[in-house]
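To keep things clear, I will list the structure first and then write my remarks on it.
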Amino acid sequence: MVEPFSVPSPWVIAHRGYSGEYPENTMLAFRKAMEAGADWIELDVALSLDRQIVVIHDDTLDRTTDLSGPVGDFTFDQIQTADAGSWKDRSFAKEPVPDLWSVWESVLKSDLGLNVEIKSSAYESEPKGLPIERSLVDFADSKNAFSRTLFSSFCWDSLARIRELSVDARLGVLIGGETPDWEEALELAFRLNAFSLNLSSSIASREVVEKIQSEGFQVLVYTLNSTEELKTGILTGADGIFTNYPPRMRSLLT
């Protein structure tokens, strides 16, 4: 089986699956990403009311389902009744919100890697139960999945907790928006022995990419979609690029 961390760069990382054409963060989008030649799948995780790990990007269900309200106000059984496809197109009606374990098991049967982004809202400084980080590490350990999984987050406290729980976990420090500049992220990457810095395309110049790589870290850049954006991203020398259109990037590399 292919070792996803050893795939030649730049990696084609399907951002929330093949989300340009299919409803994001659904099994359909992940399956289509696999078929489209992605090297990696990226997804987002949050906690339901009953502390199940739900694959969804937003803190609320409003944008991508027919339910309304915070993810954490619903049990997983309630969330599973939601239609997570119609917002994209009526042909995707009744596509459900998946749980992480189902997706992870599916990816582990393939050659792809999985980037699990822990939403900042899922981090609890004083956990009300089993911390999400503990659940992730326990599953990865039980499935020998550390060699196929990258954990990332804008919440650096969450990454620190994962490192406390596991020396084997590979960490991606997310930068942009709600987190400080890349120099501070680089310091954190050294402290946590991280694998990568995951940069917004707005700061991922060739100079910055090369500087980070010279310090021994991989650079993964998000989120590039048009052909021109992808060409520009590839020219920075980034080790991987997050895209909603994995076949578009794959075609540029072949």
Long-range neighbours under 9 Å by Cβ, at least six apart or interchain, first residue touching a residue at least 60 places away in the same chain (Cβ under 8 Å) within segment 156-170, second assigned to a helix (DSSP H, G or I):
ARG170/PHE5; ARG170/PHE146; ARG170/SER147
From the list SER106, SER86, SER110, pick out the single residue that is in a helix (DSSP H, G or I) and surrounded by fewer than 23 Cβ atoms within 10 Å (Cβ to Cβ).
SER106
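Residue-by-condition table, conditions (1) under 20 Å from the mean Cα position of the chain (by Cα); (2) among the basic types (Lys, Arg):
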{"site": "VAL55", "(1), (2)": "yes, no"}
{"site": "ARG63", "(1), (2)": "yes, yes"}
{"site": "ALA84", "(1), (2)": "yes, no"}
{"site": "VAL107", "(1), (2)": "yes, no"}
{"site": "VAL116", "(1), (2)": "yes, no"}
{"site": "LYS128", "(1), (2)": "no, yes"}
Segment 73-131 - residue that is touching an Asp or Glu at 6+ places or on another chain (Cβ under 9 Å) and of a type in the set (Ser, Thr, Tyr) and, of those, farthest from PHE154 (Cα to Cα)
SER86
Filtering segment 172-217 down to residues that are in contact (Cβ under 8 Å) with a residue 40 or more places away in the chain and in a strand (DSSP E or B), which residue is farthest from the chain's Cα centre (by Cα)?
SER196
Could you list, in sequence order, the residues of segment 197-246 that are surrounded by 24 or more Cβ atoms within 10 Å (Cβ to Cβ) and of a type in the set (Gly, Ala, Ser)?
ALA204, GLY233, ALA238, GLY240
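Where a number appears in this text, it was derived from the coordinates with a stated rule and is not lab data. Small disclaimer: the values here were computed from a predicted structure and weren't measured. Heads up, the Cβs are rebuilt from the backbone with ideal geometry, glycines too, and the neighbour counts pull from every protein chain shown.
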